[in-house]
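Here it is, the structure in full.
Values in this text are rule-based calculations from the coordinates and carry no lab data. If you're wondering where the values come from, they're calculated on a predicted model, not measured in any experiment. Note that we place each Cβ from the backbone using ideal geometry, even for glycine, and neighbour counts take in every protein chain shown.
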Amino acid sequence: MDDLADATWGRELDDLFLRIGHRFGRADLRRRMRDYVRALLGPVGRKNGWQLAEHAGHRTPDGLQRLLNGATWNADDVRDDLQTYVADKLGEADGVLILDDTGFVKKGTTSAGVQRQYSGTAGRTENCQIGVFAAFVTTRGRALVDRELYLPKSWTDDRERCRAAKVPDERGFATKPELARVMVLRALASPLPNAWVTADAAYGQEWRFRRMLEETAVGYVLAVPKSQPVPRFGRIDYLFSQAPGEAWEQRSCGDGAKGPRVYDWAAVQLPVIEDFDGERPTRRRWALARRSISRPDQIAYYLAYAPVGTGVDRLVRVAGRRWAIEECFQAAKNECGLDQYEVRRYVGWMRHTTLAMLAHAFLAATAADAAAKGDAETVPPWFRSPWQKSAGSW
């Protein structure tokens, strides 16, 4: 990095610290917060307490540990500032909010929320913590914007164990979709321009989650299992097994590492539910299916809700945005130490995760600024469909 780029990086980082500095009541806390975030962004091999402290020039990690565990500041306030920052740097009117969870493998039994449970990150049952996250994505970039620690019933039913891990007394059991619902409502109250929500089938199959999005007039494209019932049509896989060959069309759902991600897609607009939608609805529900071209037996299914007049191409692109949160997880863990914390208490997890998200958002904003100053990004044309569909029929 040359001197000019280094100076620009430093100015941008100082601007970010100015945004959140008022959340830390004392000068020493502000200094520790800046040291911690700079160390998370720095060339530190393993971002644990000692190595972060060494990078920051501290003799021991005690000061940084106090920042995470004992100091007085509210991680939720910093999260709110983070969402404003991401809205300013990456915001566009058609932004997509993505919900997903990721695992943090941990030893022992005292870390808040830890138990043997399935981790999609590891692909198996592990002794781990699970965090539910929200990411915001536009054509300008992507960043993590919210987080909640999942607490299994083995924790919430044991209040003494929760108190030992500094879990707030008001924090009871909540499923992952319930945590996602809370984060969506927070995002809608923030400056983030959320036009769409997408998530995998663990969230999409929850009708309360879908209904909440409909009641708040937010569009969604949510993955669902093949057994998902569709009103008046039965299972969603049966619905698409009846689709004519002409209903399947090749469409790109966005660029991947190897270029456009092209699949066979079919879509049908579902009948109006008058009890929910009224006589003249402004939004309509859809069912979609995505079929692998090379392996046609592999089919994924979606339910969608969108303003009247929305085309299938737009729904397909929103569905394709879901993978952006996986890229956020990978970058935040590899570059910002999201999973390399050494805290056991609930408050420490929330604080470290928030500051790691802040560091990741800074990288995303820096990349977006660099792209804006360079050549315009080339966007491949989307496939246009001549296939005409009317309400409820192909």
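Quick one: Debye curve from the C-alpha atoms of region 18-81, no solvent, what's log10 I(q)/I(0) at q = 0.21 Å⁻¹?
Each listed q maps to, in turn, -0.84.
Taking 22 Å as R0, compute the FRET efficiency from the Cβ-Cβ separation of A201 and T125 and round it to 0.05.
The value I calculate is 0.70.
Ok, one more. For region 143-149, just list the computed ³J(HN,Hα) in residue order, Karplus coefficients 6.51, -1.76 and 1.60, θ = phi - 60°, integers in Hz, with x standing in for Gly and Pro.
Using θ = phi - 60°, the values come out as 7, 6, 10, 7, 7, 9, 8 Hz.
Further question: Which value, in debye to the nearest 20, gives the size of the charge dipole of the chain about its Cα centre, when Lys and Arg are +1 and Asp and Glu are -1 at the Cβ?
Using only the charged Cβ atoms, the result is roughly 840 debye.
If you don't mind, there's one more thing I want to ask. Taking the chain as a Gaussian network, Cα atoms linked when under 10 Å apart, which of A266, A247, A356 shows the biggest mean-square fluctuation?
Most flexible of the set in this elastic network: A247.
Return the Cα extents of region 268-322 along principal axes one, two and three, sorted largest first, each rounded to a whole Å.
Principal-axis extents of the Cα atoms in region 268-322, largest first: 43, 19, 16 Å.
Okay, next question. Whole-Å semi-axes of region 35-128's equivalent ellipsoid, largest first, each the root of 5 times a Cα gyration tensor eigenvalue?
26, 24, 14
Can you give the Rg and Dmax of the chain based on its C-alpha atoms, in angstrom?
22.4, 70
Can you give the extra length, in nm with one decimal, that the chain gains between N69 and D237 once fully stretched, where that is 0.36 nm per residue apart less the Cα-Cα distance?
55.6 nm
Taking every pair of Cα atoms in region 180-293, average 1/r, invert it to obtain the Kirkwood radius, and report Rg/Rh to two decimals.
My calculation of the ratio gives 0.98.
A further question on this structure: What's the extension gain from V308 to S294 if we count 0.36 nm per residue and subtract their Cα-Cα distance?
Additional length available on full extension: 1.7 nm.
Same structure again: Around D264, with a cut-off of 10 angstrom between Cβ atoms, what is the net charge of the other residues, counting Lys and Arg +1 and Asp and Glu -1?
Charge balance near D264 sits at +2.
Something else about it: Taking amide H positions as placed in the peptide plane 1.01 Å from N, state which residues far from V145 in sequence (5 or more) or on other chains have amide H under 5 Å from it.
Under 5 Å from the amide H of V145 lie the amide H atoms of A134, A135, F136, each far enough along the sequence or on another chain.
Where does the charge balance sit around L222 when Lys and Arg score +1, Asp and Glu -1, over other residues with C-beta under 10 Å from its C-beta?
Once all neighbours under 10 Å are counted, the net charge is 0.
Taking every pair of alpha-carbon atoms in region 103-145, what share in percent sits in each 10 Å bin, from 0 to the bin with the longest distance?
Distribution as computed: 28, 36, 25, 10, 1 percent.
With all distinct Cα pairs included, what does the Kirkwood hydrodynamic radius of region 306-379 come out to in Å, to one decimal, could you say?
Taking every pair of different Cα atoms in region 306-379, averaging 1/r and inverting gives 15.0 Å.
Same structure, new question: Return, ordered by residue number, the residues of region 73-93 whose backbone nitrogen is under 18 Å from a label point located 7 Å along Cα→Cβ of R19.
The answer is 74-93, whose backbone nitrogens lie closer than 18 Å to the label point.
Run the numbers on region 74-373 and let me know its relative contact order in percent, using alpha-carbon pairs under 8 Å that are six or more apart.
Relative CO of region 74-373 lands at 21 percent.
Could you give the semi-axes, largest first, of the ellipsoid that matches region 163-239, computed as the square roots of 5 times the alpha carbon gyration tensor eigenvalues and rounded to whole Å?
Result for region 163-239: semi-axes of 28, 18, 9 Å.
On to the next question. Return the loop-located trypsin sites (Lys or Arg not before Pro) in region 167-231 (DSSP other than H, G, I, E, B) with at most 15 other Cβ atoms within 10 Å of their own Cβ; answer none if there are none.
Loop-located and lightly packed - R171, K226.
Read phi for every residue in region 302-312 and hand back ³J(HN,Hα) as whole Hz from Karplus 6.51 cos²θ - 1.76 cosθ + 1.60, θ = phi - 60°, with x for Gly and Pro.
My calculation for region 302-312 gives 9, 10, 9, 9, 8, x, 4, x, 5, x, 5 Hz in order.
For the residue pair R116 and A174, what label-to-label distance in nm results when each label sits 7 Å from Cα along the Cα-to-beta-carbon direction?
Placing both labels 7 Å beyond Cα along the Cβ direction yields 2.9 nm.
Right, something else. Could you run the Debye sum over the Cα atoms of region 97-220, one equal point scatterer each and no solvent, and tell me log10 of I(q)/I(0) at q = 0.12 Å⁻¹, two decimals?
Per q value, in the given order, log10 I(q)/I(0) is -0.49.
If I build a Gaussian network model for the chain, linking alpha-carbon pairs within less than 10 angstrom, which residue out of E327, E246, E178 has the largest mean-square fluctuation?
Of E327, E246, E178, the most mobile in the Gaussian network model is E246.
Further, regarding this structure: Give me the extension gain from D277 to T8: residue separation times 0.36 nm, minus the current Cα-Cα distance, reported in nm with one decimal.
Extra length from D277 to T8 when fully extended: 91.7 nm.
Starting with the fewest neighbours, write out R31, R46, R142 ranked by other beta-carbon atoms found within 10 Å of each beta-carbon.
The order, fewest Cβ neighbours first, is R46, R31, R142.
Separate question: Starting at the first residue of region 105-110, write each ³J(HN,Hα) from the Karplus equation 6.51 cos²θ - 1.76 cosθ + 1.60 with θ = phi - 60°, in whole Hz, x for Gly and Pro.
5, 9, 8, x, 10, 9
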